[in-house]
Structure formats: structure tokens, C-alpha cells
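Engineer: What follows is a structure written as C-alpha cells; I'll ask about it next.
The values are calculated or read from the model by the stated rules, or taken from the named source; none is laboratory data. Note that the structure is a prediction, hence the values are computed from the model and not measured. Quick reminder, even Gly has a Cβ in these numbers, built from the backbone with ideal geometry, and neighbours come from all protein chains shown. These accessible areas exclude ligands, DNA and RNA; they are computed on the full protein's heavy atoms, side chains included. Shrake-Rupley method; radii C 1.70, N 1.55, O 1.52, S 1.80 Å.
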Amino acid sequence: MTLTAKSVARAALASALVAATAGAVVLAASPASGAASTLAAAAQQSGRYFGTAVAANKLGDSTYVGILNREFDMVTAENEMKMDATEPNQNQFSYGNADRIVNHARNQGKRVRGHALAWHMQQPGWMQNMSGTALRNAMLNHVTQVATYYRGKIHSWDVVNEAFADGSGGGRRDSNLQRTGNDWIEAAFRAARAADPGAKLCYNDYNTDNWSHAKTQGVYRMVQDFKSRGVPIDCVGFQAHFNSGNPVPSNYHTTLQNFANLGVDVQITELDIEGSGSTQAQQYQGVTQACLAVSRCTGITVWGIRDTDSWRASGTPLLFDGSGNKKAAYTSVLNALNSGTGTTTPPTSTTTTTSNPGGGGCTATYADGQSWPDRFNGQVTVSGTDNWIVTVTVSSPQRVIATWNTSATWDSANVMTARPNGNGNTFGFTIMHGGNQNRPSVSCRVA
């Protein structure tokens, strides 16, 4: 994204409190003895990547390149792979600056995220003046030519960027591409798959972090539809641009998990969080922990290296200050990544069967999921009915901080009532244990 586009787009959506997932973890001054000492190495411990956006014109800056080479293992071109940069004149393609970034990354053993093949912004002038069939064909030709040129060199492509509108409707953004027909996104994904069968194909957007927002639901429905019809989509990118007016939502983990449950990877693609000190560090920690809690969250990319490199530099939103020094946010992310490999405790189960007086019954079976020093995941599978109500009871000071695959309400701080939400009969939750690692009790009844 450009500064202009993002400035318009970032009319902050008010959100609930600072991420509950940030918890009350103490931010250590340095990684624990024996822990990985760089972001990439720490992320690799759990099979993930940690990347950054790179500008070609900064590859001559020794401080910038030193941090890039040391800390990150995935690279995204900030602007050099967008439509106006790669096809400035129709059917005349220009890859010089993009190649500088790709070649540097690959020479350093890093992988590359391609950003972005089709977008309503940063179109070259010749494309902006087109419409209808001519525009559709030009877009598909662009997708095909660029993806073919980089075939075998791209880990993931942002095939389509920011195609949904902000606001309460949850529908598509009005754009010249949208006006070529509602199937334009599907057509772009199919063209990208034909051009580079080995790359993961992603849809990427902003303000899709809060599960309750209409825009998030609109994107979710599109991905659900694509998966049901065999449209080739492999991943969803969450830009994750946060500030005091739009903090990390308390249901962020739920959002990531619900998309992952559709059978796609989720990636945090453009992370930056305005602020400073411990508040910023805790929000960065919360985002990192949310990714680590979702097995299909494959990696995190921050949108720039130093604060002064950022499109929102005045908000000091990145992990390194303008001089290249590590900030408190860096330490919080590194520590979360180092502890995030966690331990998966041997599955245990608690089963309660409740008979329905009208005949029939249901069984709720609890099993442990992944655990961390401060929290653990649990999963409940219901059998016997599709019309169930499950009561989950935790013991103080425990609290449930995230749920997925269920509609949940709380009867009290310690008692949660879960119902089906159309995503099957298995649901899960994350419990901040506060030192009490007793497993919850579960009971089931037929609604």
C-alpha cells in the first residue's frame, strides 16, 4: 500500500480493549539463555517465518541491510511488484527493482512473498482508463505474465488486495475491477494458479482483524465459497495495522482460527502498531501469541524495518528505532516466539453425558490442545446431536480469552455456554490460567 491509500483506508474502526491475548506476561530485557537470538530463528522453531517489507532504494543502507539479513527470513517488496511498477506501459513489463529485492532475498537464503498482482490502487495510468472486457483481459494478462516471470521464486502471492469495502455492509468495494463482474477475484486466482502452480495464493486485506466486523464476515464468506467450489485459494493475509483508535481486538485469535478452519493458511502480512514502550510491546506480543496459537498461522511480516522506514513513521510503529536499535516491542516478540513453541500436553479427556428428557442425548468430550507458560488451548467434540448446548466451567483465576467454531455467551466469569455456529460439532477455546492449570469441566445437553 501507499501512504495515501492507507491514510484514507485507516479511518480507525473502534475496537474493544487492548488485546486480551497480551496477558500479563513480564517483558524480559533479553531472550532466555539458550533461546534463539533473532526473529527468524525464533519463528523457525515452530515452523513459521518472520518477515519484513523491503524497499529497493534502501538496499544500499548498511544498517538497514544488516538488520534485514540478520533478523528476517521472508521478504515482501513494498511497492516494486505492484501493477504500476511491473507493467508501466501495456504489455511492457519492468522487473528491475523487484528483481533487486528478490535476488537479494534469495542470495541470503530468504523466501519471498509477492505483493500484489491485482489491486484497485496503484494501477498504471493506461489501466486506470480502461473498463469492461478490455480491463478484465488486461488484468488477467498482467496476473499471468508477472506470476509466470517469477514462477518458482515466490512462496506466497497476494493475488488480490483490498477488494472489500469498509463499513457495515460487508460487501465488495466499488472499483473499476469490480465493475468488470463479480467473478473477477475468482478469475485472478485461477490465472495465478495456472501461471505458478507452486506458489501459495492469498487474498489480502486490512480491517479484517475483528471477527464481529461486517468486512471480516464478507471476506470469510468469499473464502468459504471459494473453498466449497474448488477455487484455488491457499491463504488469507491480515494486514494488521493497529493504533490507539484501532487496537488489537480481543477476538483476534478467534478471527485467525475461524479462517484457518476453512482449510486455508493465515498470514499476518503488514504488521505495524503505533505507540511506544510497554503498551506497544504488549500489543505486539498479543499478535504474536495469537498467531502461535493457530497451527495454520504460518508467519508474520512487519511492514518495514526501522520506524523511520515506515509509511506511518510519526507513530513509531516498528520493532527497531530510527537508528536501528531494538525496541521493547522487539524483545516482546522475540520472547513470545521463543516460548511459543510451547508444549503440547498428552491429550486427556473429561466426558459428561446428559440425557435429554424428550429422548436422545449428547456427549461432550474435552481434549487438551497446545499449551504455553501462561495459557492453554482446549477442544470439545460433541456427539449424539447437531443441536447442542455445552457448558464449560473454569476455576478462578482462569478466564477464557478466545473461542472458535462456536457461539459463546458467559453466565458468569467462570461459566461459558457454547452453541453451534454452523462450523461443525468441534469447538475450541484458549484459557489464561493465572497459575491454575486445572482443566475445565464440560457438560452437554440437547437444545
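Engineer: Starting with the highest mean, order 226-233, 101-108 by the number of other Cβ atoms within 10 Å, averaged over the residues of each peptide.
Structural biologist: Per-residue mean Cβ counts within 10 Å order the peptides as 101-108, 226-233.
Engineer: Order Asp196, Asp84, Asp99 by their accessible area, 1.4 angstrom probe, all chains in place, largest first.
Structural biologist: Asp84, Asp99, Asp196
Engineer: Taking the Cα centre of the chain as the origin and placing charges on Cβ (Lys, Arg +1; Asp, Glu -1), which of Ala85, His433, Gly47 is farthest toward the positive end of the dipole?
Structural biologist: Selected residue: Gly47.
Engineer: I would also like to ask the following. Express in Å², to the nearest 10, the accessible area of Tyr149 obtained by rolling a 1.4 Å probe over the protein heavy atoms while all chains stay in place.
Structural biologist: 100 Å²
Engineer: Would you mind putting 262-272, 153-163 in packing order, based on average other-beta-carbon counts within 10 Å, highest first?
Structural biologist: 153-163, 262-272
Engineer: Oh, and also: What percent does the relative contact order of the chain come to when contacts are Cα pairs within less than 8 Å and at least six residues apart?
Structural biologist: 15 percent
Engineer: Sticking with this structure for a sec: In bins 10 Å wide, starting from 0, what share of all Cα pairs of region 291-340 does each bin hold, as a percent?
Structural biologist: Bins of 10 Å from zero give 26, 45, 27, 3 percent of pairs.
Engineer: When the convex hull of the Cα atoms of region 101-235 is projected onto a plane and the area is averaged over all directions, what value comes out in nm²?
Structural biologist: That works out to 8.7 nm².
Engineer: Right, here's the next one. Given a 1.4 angstrom probe, I'd like the percentage of the accessible area of the chain that is carbon and sulfur, rounded to a whole number.
Structural biologist: About 48 percent, which is the carbon plus sulfur part of the accessible surface.
Engineer: Among bridges DSSP assigns within region 39-340, what percent are antiparallel (round to 5)?
Structural biologist: Looking only at bridges with both residues in region 39-340, the antiparallel portion is about 10 percent.
Engineer: Also, I was wondering about something else. Based on the Kirkwood radius over alpha-carbon pairs, what value in µm²/s does the Stokes-Einstein equation return for the translational diffusion coefficient of region 119-172 at 37 °C and 0.692 mPa s?
Structural biologist: Estimated via Stokes-Einstein, D reaches 250 µm²/s.
Engineer: Here's something else I'd like to know. Could you give the length gained on full extension between Phe93 and Arg221, defined as 0.36 nm per residue of separation minus the Cα-Cα distance, in nm?
Structural biologist: Full-extension gain reported as 42.6 nm.
Engineer: Please get the size of the charge dipole for region 363-446, origin at its Cα centre, with Cβ charges of +1 on Lys and Arg and -1 on Asp and Glu, quoted in debye to the nearest 20.
Structural biologist: 60 debye
Engineer: Along its three principal axes, how long is region 23-163 when you only count alpha carbons? Whole Å, largest extent first please.
Structural biologist: Taking the Cα atoms of region 23-163, the three principal extents are 60, 36, 24 Å.
Engineer: With every protein chain present, what accessible area does Met432 have (1.4 Å probe, heavy atoms only), rounded to the nearest 10 Å²?
Structural biologist: 20 Å²
Engineer: Given the pairs Lys58/Lys327; Lys82/Lys153; Lys58/Lys110, which span a C-alpha to C-alpha distance of over 23 angstrom in this model?
Structural biologist: Pairs exceeding the cut-off: none.
Engineer: For the chain, what does -39500 (n - 2.57) per DSSP helix run (n ≥ 4), summed and divided by total residues, give at 222 nm, in deg cm²/dmol to the nearest 500?
Structural biologist: Theoretical 222 nm ellipticity from helices: -8500 deg cm²/dmol.
Engineer: Sticking with this one: Based on the Cβ-Cβ distance from Asn103 to Ser175, what FRET efficiency comes out when R0 is 35 Å, to the nearest 0.05?
Structural biologist: Once rounded, the FRET efficiency stands at 0.60.
Engineer: Moving on to the next point. Going by a ≥ b ≥ c, the root eigenvalues of the Cα gyration tensor, does the chain fall in the rounded group (a/c under 1.5), the prolate group (a/b larger than b/c) or the oblate group?
Structural biologist: Here the chain falls in the oblate category.
Engineer: Just to verify a number: FRET efficiency for Ser314 and Ser395, C-beta to C-beta distance, R0 = 35 Å, to 0.05?
Structural biologist: Efficiency, rounded to the nearest 0.05: 0.15.
Engineer: Considering only DSSP beta bridges with both partners in region 166-325, what is the antiparallel share in %, to the nearest 5?
Structural biologist: Around 5 percent of the beta bridges assigned by DSSP in region 166-325 are antiparallel ones.
Engineer: Additional query: Kyte-Doolittle mean at least -1.0 and Cα extent at least 24 Å along the axis: which DSSP H helices of the chain qualify?
Structural biologist: 132-149
Engineer: Report the FRET efficiency, 1/(1 + (r/R0)^6), for Asn57 and Thr426, where r is their Cβ-Cβ distance and R0 is 56 Å, rounded to 0.05.
Structural biologist: Between Asn57 and Thr426 the formula returns 0.70.
Engineer: Another question, if that's okay. How many nm separate the modelled label positions at Gln128 and Asp411, each set 7 Å beyond the Cα in the direction of the Cβ?
Structural biologist: According to this spin-label approximation, the distance is 6.0 nm.
Engineer: Turning to a different aspect of this structure: Arrange the residues Lys327, Lys110 by how much accessible surface each exposes, largest first, with a 1.4 angstrom probe.
Structural biologist: So the residues, ranked largest to smallest area, are Lys327, Lys110.
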